[in-house]
Amino acid sequence: MLHRLPVSPGRIAAVLLPVLLLLALEQAVDSGAVRRALIPAPSDVWGELVYILQGGHLWAPLGKTLYLLAVAYGCASVLAIGLGLLMGRSRAVYNLFEPLVEVIRPLPKPALLPPLILFLGIGDTMKMTVVGLAVFFPVLINTVQGVRGVDPVLVETARTFGYSGGRIVSRVVLPAALPFIFTGLRIALGLGLILVVVAEMLAGTGGIGFLIVDMQRTFQVTSMYAWLVILAVLGFLLNLGFERLEARLMFWSRQSEGRA
Amino acid sequence: MQDGCTLALDGVTKSFSQGRPEEMMALADISLDVAAGEFLTVVGPSGCGKSTFLQIAAGLMEATGGAVALDGRPVDGPPGGLVYLFQQYTRSLLPWRTVIRNVEFAVEGRGRASRRERREFCMEFLEMVGLADFADRYPWQLSGGMQQRVAIARALAAEPRILLLDEPFSSVDALTRMELHDMILKLWEDRRFTALLVTHDVDEAVMLSDRIAVLSSRPSRIVETIETGLPRPRDRITTPELPRFLELRHYLLESLTKPKDHAA
């Protein structure tokens, strides 16, 4: 019977769909319906992928992109969580920064690339800055929200046990706000990846974003698509890894909410 | 184990939104002396400011007027030796910590030599409340009554000289409540801390206390204090059958329900 199948028909269809599309594309390219110069056959892209992987050409650009992302993401997240804790705990700090944050936050961060290039040139500093800006705000907003949402009973409990100031923040507020902070970190990771690629496309000398543009400019279309596939896989893996980590660390969050 | 300490409230008043049109007087001139080692219960109708009263006594909230002193020293923040047991146990336990780690939360500030020592010390308290087997579970895996027992174990692990109880038995079922009453009485008799309970449950007040203070509805003042004069140890079956128990119960229920016209 159908409902006893371990995999549902809907699931099978969902996996089959991209396979069918790839086969159709292969057919279309082979028959000449699609110009090979614009869209190469999937089998050609696969061949290029194998060449990139086997030849060890993956690591330098991937490393460059991940390095930029990691440094910017790490620094911006730490700063955002720090400021978020301050803004969430102190009315005065909140009132001081809130207007500034609300003005800069909605600005699409790629729009900052031209002025940033003006100030910082086209090196890594500029790229990290723009990625950092994209990462900073979602983490900040979620941290503030999470901190403000911490149950006052928890904080008062800690106070009656003699906790104060920094120890309340590190032992109670930060862990209690962590599910919110993680939501911000996950959104920021996606945005960070977008921004690092955009920055590399505009002003890069290495990295995956740069390669994609470079291949297009030099008519190495198959290679361009291969790098696009690599980028897609990278985004997928980063998100998957993050979700795993979040589920591992935040196991108590959904459970306790369900019972409260 | 140190003995319980005294708590003195002298002319304490509390207004919310002071100076604004919506100003509300919650407490009007509360004076109360809790003796060392005493079990005193404050009863009052719902919404009469019992929690406000207790939070001020604990130094968690500032009074508008008057003074609070613990062992003669003025209270201007949560003092050492005082532990507060909240009504909302699900909200006062840390969901990311296991049961034993929640109990350890009470003593982490005091620099016990090692992790293992701390754990062993705290296990004793979990044993007292009968939860040693649940040490490595998470609070949200336990029933309501068990969670409140964790909160009680944690409160006692801090070795309080005075324990403030904010309706801690009001959100569990009747049988669990009786068990928790027995437990708190036994622990109090063993350890002789001062206990200050607020509740709207008259039976609970009579069952547990040496003395009962009756709070009026807002703006609250203490209408009278009554010595229960019931023998200890209390028994969940025979104590409520004593004539004195019934007399107190009758009297308190009457005086708590009477001034309703004035409250509206």
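The values are calculated or read from the model by the stated rules, or taken from the named source; none is laboratory data. Computed from a prediction, not measured in an experiment: that's the story for all the values here. For neighbour counting, all protein chains shown are included, and Cβ atoms are generated from backbone atoms with ideal geometry for every residue, glycine included. We work out accessible area using only protein heavy atoms, side chains counted, and drop any ligands, DNA or RNA first. Shrake-Rupley method; radii C 1.70, N 1.55, O 1.52, S 1.80 Å.
The table below gives the values:
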{"item": "Filter result for B:L60 (part of a loop (DSSP other than H, G, I, E, B) and either open to solvent by 40 Å² or more (accessible area, probe 1.4 Å) or modelled with pLDDT of 85 or more (or both))", "result": "yes"}
{"item": "Inter-residue pairs, beta-carbon under 7 Å, first over 30 Å from B:E117 (Cα atoms) and in the stretch B:151-177, second in a helix (DSSP H, G or I) and among the small types (G, A, S), 6+ apart", "result": "B:D166/B:S51; B:S171/B:G144; B:V172/B:G144; B:V172/B:G145; B:T176/B:G145"}
{"item": "Some residue of the stretch A:12-33 being open to solvent by less than 90 Å² (accessible area, probe 1.4 Å) and closer than 30 Å to A:G123 by Cβ", "result": "no"}
{"item": "Residue pairs meeting the criteria (Cβ under 8 Å; at least 6 apart or on separate chains; first under 20 Å from B:S255 (Cβ atoms), in the stretch B:30-43; second open to solvent by less than 10 Å² (accessible area, probe 1.4 Å) and assigned to a loop (DSSP other than H, G, I, E, B))", "result": "B:L40/B:S209; B:T41/B:S209"}
{"item": "Meets criteria (in contact with a strand residue (DSSP E or B) (Cβ under 8 Å, 6 or more places away or on another chain), modelled with pLDDT of 90 or more and in a strand (DSSP E or B)) for B:A195", "result": "yes"}
{"item": "Residue match in the stretch B:38-49 (condition: of a type in the set (S, T, N, Q) and surrounded by fewer than 17 Cβ atoms within 10 Å (Cβ to Cβ))", "result": "yes"}
{"item": "Subset of the stretch B:12-27 [over 21 Å from the mean Cα position of the chain (by Cα) and either within 16 Å of B:M61 (Cα to Cα) or in a strand (DSSP E or B) (or both)]", "result": "B:S15, B:F16, B:S17, B:Q18, B:M24, B:M25"}
{"item": "Test result for A:S164, within 14 Å of chain B (Cβ to nearest Cβ) and either on the phi > 0 side of the Ramachandran plot or without any contact (Cβ under 8 Å) to a residue 12 or more places away in the chain (or both)", "result": "yes"}
{"item": "Hits in the stretch A:45-63 - residues which are assigned to a helix (DSSP H, G or I), of a type outside the set (S, T, Y) and open to solvent by 60 Å² or more (accessible area, probe 1.4 Å)", "result": "A:W46, A:L53, A:Q54, A:W59, A:A60"}
{"item": "Residues that are facing chain A (nearest Cβ under 8 Å) and either out of contact with any Ser or Thr (no Cβ under 9 Å at 6 or more places or on another chain) or not basic (K, R) (or both), drawn from the stretch B:84-98", "result": "B:Y84, B:F86, B:Q88, B:T90, B:S92, B:L94, B:P95, B:W96"}
{"item": "Check on B:E159, touching a Ser or Thr at 6+ places or on another chain (Cβ under 8 Å), open to solvent by 10 Å² or more (accessible area, probe 1.4 Å) and not basic (K, R)", "result": "no"}
{"item": "Residues (closer than 20 Å to B:P240 by Cα and without any contact (Cβ under 8 Å) to a residue 60 or more places away in the chain) located in the stretch B:202-230", "result": "B:D203, B:V206, B:M207, B:I226, B:E227, B:T228, B:G229, B:L230"}
{"item": "Hits in the stretch B:88-100 (condition: modelled with pLDDT of 85 or more and in a loop (DSSP other than H, G, I, E, B))", "result": "B:L93, B:L94, B:P95, B:W96, B:R97, B:T98"}
{"item": "Among residues of the stretch B:3-33, those that are open to solvent by 70 Å² or more (accessible area, probe 1.4 Å) and of a type in the set (S, T, N, Q), counted", "result": "1"}
{"item": "Residues of the stretch B:66-83 classified as in a strand (DSSP E or B), in contact (Cβ under 8 Å) with a residue 60 or more places away in the chain and more than 9 Å from every other protein chain (Cβ to nearest Cβ), total", "result": "3"}
{"item": "Residue satisfying all of: in the stretch B:202-231; open to solvent by 50 Å² or more (accessible area, probe 1.4 Å) and part of a strand (DSSP E or B); nearest to B:L27 (Cα to Cα) among these", "result": "B:V223"}
{"item": "Criterion: buried (at least 18 other Cβ atoms within 10 Å of the Cβ) and in a loop (DSSP other than H, G, I, E, B) - qualifying residue of A:V135, A:V131, A:V150, A:V144", "result": "A:V150"}
